[in-house]
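Just below is one structure, and these are the notes that go with it.
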Amino acid sequence: MERPTRRNVLIGGGAGIGLIVAWGVWPRQYRPNLAAAPGETPFGAWLKIGSDGHVTVAVPQLEHGQGVYTALAQIVADELGADWRTVGVEAAPLNPLYANPLALEELFEGGFTRLPDGLRQSFAERTGLIVTGGSTSVRMFEEGCRTAGAAARALLCKAAARRWGVAWTDCAVDAGFVVHAGQRLRFAALAADAAGESVPDPLPIGVQGAGKLTGRSLPRLDTPAKVDGSAGFAGDIRLPDMVHAAIRQGPIGDSRPIRVDRAAADRVRGVLAVVETPRWVAAVATTWWAANRALDAMAPRFATTGPVVDSAAIARSLDAALATKGERIAAAGEIGTLLDGGGVVTADYGAGLGVHAPLETASAVAAWRDGRLELWLPTAAPAAARAVAARAADLAEGAVVVHPTLGGGGFGATLDSLVAEQAAVLAMRLKRPVSLVWSRGEDVAHDRFRPPAKARMRARLSGNGAIAAWDMAIAAPATGHDLAHRLLPAAAGLALGGADPYAVAGALPPYRIPALAIHHHAAAIGVPTGHMRGGAHGYTAFFTECFLDELARVAGTEPLSYRIGMLGGDARLARCLTTVAALGGWGGGQPGSGQGIACHSFRGSHIAVLAEAEMGEGGRPRVERLVAAVDCGRTINPDLVLQQIEGGLIFGLAQALGASTGLTAGRTDVRGFAGLALPRLADTPDIIVECVASDEAPGGVGELGVPAVAPAIANALHAATGMRMRHLPLRPGI
C-alpha cells in the first residue's frame, strides 16, 4: 500500500473526498479499553468473566426500551455457551471499535454518496460514529458479538484442555462450564488462565456446544431493575454537593434573553443561582421543583431576530419549495408525456411537525472535578455528546468522560446533544455537580421535531388499471444533512452528496411501475428538525399507500389484490399481505366496512397492517383493531421482536391521530401531553401480530412497526366514511 502523502491526500474527487480516502487508508489500530473490576477478566472489547462466574457484556448501543441490552448480550452468551442466569450488561466505553458504519447507510438513507466503497468503516471509526439508530444494532454488531463469544469460548476450552491434557477441540461448553468426558470446569475457574491463551485461526463459530440461546425468548436483562426501581436514568443520578437546574429557552429562531427578574427568583426558597447565556436562562436550586418555580417567578423575556416562524410560514415554505425544481432521488423508465393531458390522477398529501414526547424529558448530569468533566445522560450518540460538551466547556475531548445511562424512550430525540452542552456550561460555571432536567413544556417546545412535509402525487393508469406512470414530488426540510452535521460536525460536509435521501426515505414504492420519478424539494422552514422513530418513512409510506388506495378505487379493483398484482417478485411482502388479510378477516375494504390495509418494506424487513376504524365522537377517529404480519428475517429473541412491533404500532397510532403541534409566534401551540392527543389505554385497539418464519438475514425491527399504521388507518376511515383524509395527523376536512 502506498503511504499517504500530502499530494495524494489532495487528489481523487477533490480535496475534501481525497482527504477522506487518505484518512481511511492511513494505518491505525484500536485497543479495547473495557474497564475490569477486581476479580474480573476482560476478553477483548465485548465481555468480562468474573471470579464468581458472572459474565458481563459491554453494549455500545443506547437501551431506550428496544431491548438491545438483551439482544446483543444474548448473541455473545449464545456463542460463549454461558448460563443466561449469570449474564449481565454494562454500557461500553467510547472506543472506535464500537463504531457503527451501517448507520451511515441506514440512518442517513444512503446520503453519504461521496464516500468511496470500502471506507465507511474507517470513516465511522475516525469520526467517532458510535450511534444508536436506523434499526442497526443487531445487524451491525451480531458478527462482532458472535466473534467475541466464540473467541472467549475457544480460550476457555484451551485453558481447560491444558489442565486435562486433551485437545481443546474435543472440549465443549454447557451453561457456564467447559466439559469433556464427564469432567467439568466453571468459566470462573478458567478465566484468568484463558486470558493468556491465543485465539485460534480460523475461529470456529457455532460449535462445541454453542448455539443454544439464539431464537429463544429469554427474559430481558433490563426488566428487573426497571420493575424494582433500581434502574439508573439520568434523573436518578445523585452526587455529593449536587444542585438541580431548570432551563428556559426563547421562541424558535434566533432568540436571546433580554429581561430576567432575578429578585423574584431569589425570593423562592432553595434558589442558589441564576445563570444567563446568550441562548437560555437557568435557575439553580437545592431541588428541581424550586428551580422550576424560580424560572416562573423570574419570567424571562426573549427577543427574536429575524422572521418569527409559525404554521402559516411553514406551509408557505413547503408550497414555495414545491414550485421550484427538485432534486431527483429515484427514477425508473421514462415518464415522457405520460402525465400530460387528461386522465391523470392527482392528490396532495401533507404531514405536520411531529413531536417525540418521550416519558423522560431531556436530562443530563455534569460534574467538573479533578481536571475533567463527567457527564451522565441517555445519548444515542455519545461521541457527539462528548464533542459538544468539550466545545461548550472549552476543553479537549480527552478531558470529557461520558457515562451513558438508560433512556426513557425518545427514539431519535437522544441523537441530539443540546442538553449535554447546557449541562456542561452549568457545571463549569457553578463548579459543582449539576442535574439539568427539562420541563415537559420545554421538552415539547424545543424538540428536534419530525419534519413537516407536503407531497404532490400524480399517476396515470393503463387500460387494465395498472399504474403506467408515477410521479411524486415531496417538499421537506433537508433533515438528513442537518442531522449529519450535528453528529459529524468535522466531516459530514466532506462526505455528504448534494441530495438528501433522508428527507424522502421510503418514498420508492415496492411495486412494479414501468415509469417512475421521485423528487425532493428542499424547504427552509426555520424550525430545528431531527430523527423520529420511522424517520421520513413515517410520512412517505402514508403518502404512497394512501394514494395507491385511491388508484385502486379509480381502477375499480379491491385494494389487496391491486397491491399483490403489482408486487412482481417480492414474495416476502406478498406473504405479509396475504397473511394479514387471512389473520384479520379482510373483507375487501368495501364502503362501510371500516377496513383498511397498507404495507411497507423497511431496512431489510417487511410488514403489512390491517386496521379497523371509524369516526368517533367529536370527529376524532377511533381505531378498533390493528393486525400486523411481519417478516424480519431470522430472529435472536422472538419476544423482543413482538414487543418492538407492538410498540411501533402504538407509536404509529400516535403519529396518525396526534403527536403533532402547530406553531404561533415561534412557540409551539402544545406545551405538554394534554394537547398531543396521545393514545391512552382506553384508546388502544386490539392488536394482533404474526411473525412470518424466515431464514433470511435479520432485518430492522425497532422502527418497522411505524410506517404502515397511518395509511392503514386512513384507508380504513375512507372505507368507513367515504372521506379521504390526506394530512397527518388525521382530521376531517384536512
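Of all the listed residues (ASP193, ASP201, ASP241), the sole one being open to solvent by 30 Å² or more (accessible area, probe 1.4 Å), over 30 Å from VAL527 (Cα atoms) and part of a helix (DSSP H, G or I) is ASP193. Figure legend. Inter-residue proximity from region 598-623: first residues at pLDDT below 95, second residues crowded, with 19+ Cβ neighbours inside 10 Å and hydroxyl-bearing (Ser, Thr, Tyr), beta-carbon distance below 6 Å, spacing 6+ or different chains. Indicated pairs: ARG603/SER135. Residues in region 510-537 that are buried (at least 24 other Cβ atoms within 10 Å of the Cβ) and within 14 Å of ARG603 (Cα to Cα): ARG533, GLY534, GLY535, ALA536, HIS537.
Output yes when any residue across region 116-123 is touching a Leu at 6+ places or on another chain (Cβ under 6 Å), open to solvent by 10 Å² or more (accessible area, probe 1.4 Å) and either closer than 24 Å to SER605 by Cβ or part of a helix (DSSP H, G or I) (or both), and no when none is. Checked against the condition, which is being touching a Leu at 6+ places or on another chain (Cβ under 6 Å), open to solvent by 10 Å² or more (accessible area, probe 1.4 Å) and either closer than 24 Å to SER605 by Cβ or part of a helix (DSSP H, G or I) (or both), region 116-123 yields at least one hit. Tally up the residues in region 303-338 that are over 19 Å from THR661 (Cβ atoms), in a helix (DSSP H, G or I), open to solvent by 40 Å² or more (accessible area, probe 1.4 Å) and not small (Gly, Ala, Ser), please. Number satisfying all stated conditions: 1. Among residues of region 701-734 being modelled with pLDDT of 95 or more and among the basic types (Lys, Arg), the one that is surrounded by the fewest Cβ atoms within 10 Å (Cβ to Cβ) is ARG724.
Could you list, in sequence order, the residues of region 471-498 that are open to solvent by 20 Å² or more (accessible area, probe 1.4 Å) and either of a type in the set (Gly, Ala, Ser) or under 16 Å from ASP416 (Cβ atoms) (or both)?
Our first condition is that a residue be open to solvent by 20 Å² or more (accessible area, probe 1.4 Å); within region 471-498, this holds for 471, 478, 481-482, 485-486, 489-490, 493-494, 498.
Result: ALA478, HIS481, ASP482, HIS485, ARG486, PRO489, ALA490, GLY493, GLY498.
Of the candidates THR668, THR664, the single residue that is over 18 Å from the mean Cα position of the chain (by Cα), touching a residue at least 24 places away in the same chain (Cβ under 8 Å) and crowded, with 18+ Cβ neighbours inside 10 Å is THR668.
Checking each residue in region 317-365 for being of a type in the set (A, V, I, L, M, F, W, C) and within 30 Å of PRO378 (Cα to Cα) picks out ALA351, LEU353, VAL355, ALA357, LEU359, ALA362, ALA364, VAL365. In the condition set (1) under 19 Å from ALA697 (Cβ atoms); (2) of a type outside the set (Ser, Thr, Tyr); (3) not in a loop (DSSP other than H, G, I, E, B), GLY134 is compliant with all but (3).
Evaluating GLN121 against the criteria (1) touching a Gly at 6+ places or on another chain (Cβ under 9 Å); (2) modelled with pLDDT of 95 or more; (3) not acidic (Asp, Glu) leaves one unmet condition, (2).
The number of residues in region 658-682 being over 20 Å from ALA413 (Cα atoms) and in contact with a helix residue (DSSP H, G or I) (Cβ under 8 Å, 6 or more places away or on another chain) comes to 1. Going by what's in this entry, would LEU185 be described as open to solvent by 30 Å² or more (accessible area, probe 1.4 Å), in a strand (DSSP E or B) and over 30 Å from HIS531 (Cα atoms)? The answer is yes for LEU185.
Residues that are within 30 Å of ALA523 (Cβ to Cβ) and either open to solvent by 10 Å² or more (accessible area, probe 1.4 Å) or in contact with a helix residue (DSSP H, G or I) (Cβ under 7 Å, 6 or more places away or on another chain) (or both) within region 350-382 comprise ALA351, GLY352, GLY354, VAL355, HIS356, ALA357, PRO358, THR361, ALA362, THR379, ALA380, ALA381, listed in sequence order.
Does ALA172 count as open to solvent by less than 50 Å² (accessible area, probe 1.4 Å), more than 30 Å from ALA245 (Cβ to Cβ) and touching a Gly at 6+ places or on another chain (Cβ under 8 Å)? Even if it seems obvious, please write down each step before you answer.
On the way: open to solvent by less than 50 Å² (accessible area, probe 1.4 Å): yes; more than 30 Å from ALA245 (Cβ to Cβ): yes; touching a Gly at 6+ places or on another chain (Cβ under 8 Å): yes.
Answer is yes for this residue.
Screening region 41-98 for strands (runs of 3 or more DSSP E) wholly inside it with 1 or more residues that are of a type in the set (Lys, Arg) and in contact (Cβ under 8 Å) with a residue 12 or more places away in the chain returns the ranges 47-50.
With respect to being more than 18 Å from ALA392 (Cβ to Cβ) and surrounded by 24 or more Cβ atoms within 10 Å (Cβ to Cβ), PRO501 falls outside the description. Only residues that are buried (at least 24 other Cβ atoms within 10 Å of the Cβ), farther than 24 Å from GLY633 by Cβ and among the hydroxyl-bearing types (Ser, Thr, Tyr) were counted in region 538-577, giving 1.
Residue count for region 222-235 satisfying the condition of being assigned to a loop (DSSP other than H, G, I, E, B) and farther than 19 Å from ALA380 by Cβ: 2. A search for C-beta distances below 9 Å between a residue of region 287-300 that is over 12 Å from ARG267 (Cα atoms) and part of a helix (DSSP H, G or I) and any residue that is open to solvent by less than 30 Å² (accessible area, probe 1.4 Å) and among the basic types (Lys, Arg), counting only pairs 6+ apart in sequence or on different chains, returns nothing. If ILE75 satisfies every condition in (1) of a type in the set (A, V, I, L, M); (2) buried (at least 24 other Cβ atoms within 10 Å of the Cβ); (3) farther than 27 Å from GLN29 by Cα but one, which is the exception? Status for ILE75: all satisfied but (3).
The set of residues in region 35-72 that are surrounded by fewer than 19 Cβ atoms within 10 Å (Cβ to Cβ) and of a type in the set (A, V, I, L, M, F, W, C) comprises ALA35, ALA36, ALA37.
Counting only residues that are modelled with pLDDT of 95 or more, under 22 Å from the mean Cα position of the chain (by Cα) and over 30 Å from ALA387 (Cα atoms), give me the helices (runs of 4 or more DSSP H) lying completely in region 458-563 with at least 2 of them. Before you say what the answer is, go through the steps one by one.
Working: elements: 479-487, 492-495, 537-555.
Correct list: 537-555.
Take the conditions under 28 Å from THR147 (Cβ atoms) and either touching a Leu at 6+ places or on another chain (Cβ under 9 Å) or surrounded by 15 or more Cβ atoms within 10 Å (Cβ to Cβ) (or both) and apply them to SER217. Does it pass? Criteria met by SER217.
The values are calculated or read from the model by the stated rules, or taken from the named source; none is laboratory data. The structure presented is a predicted model; accordingly, all values stated were derived computationally and were not measured. Glycine gets a Cβ as well: all are built from the backbone with ideal geometry, and neighbour counts include every protein chain shown. Keep in mind that these areas ignore ligands, DNA and RNA; they rest on the heavy atoms of the full protein, side chains included. Shrake-Rupley method; radii C 1.70, N 1.55, O 1.52, S 1.80 Å.
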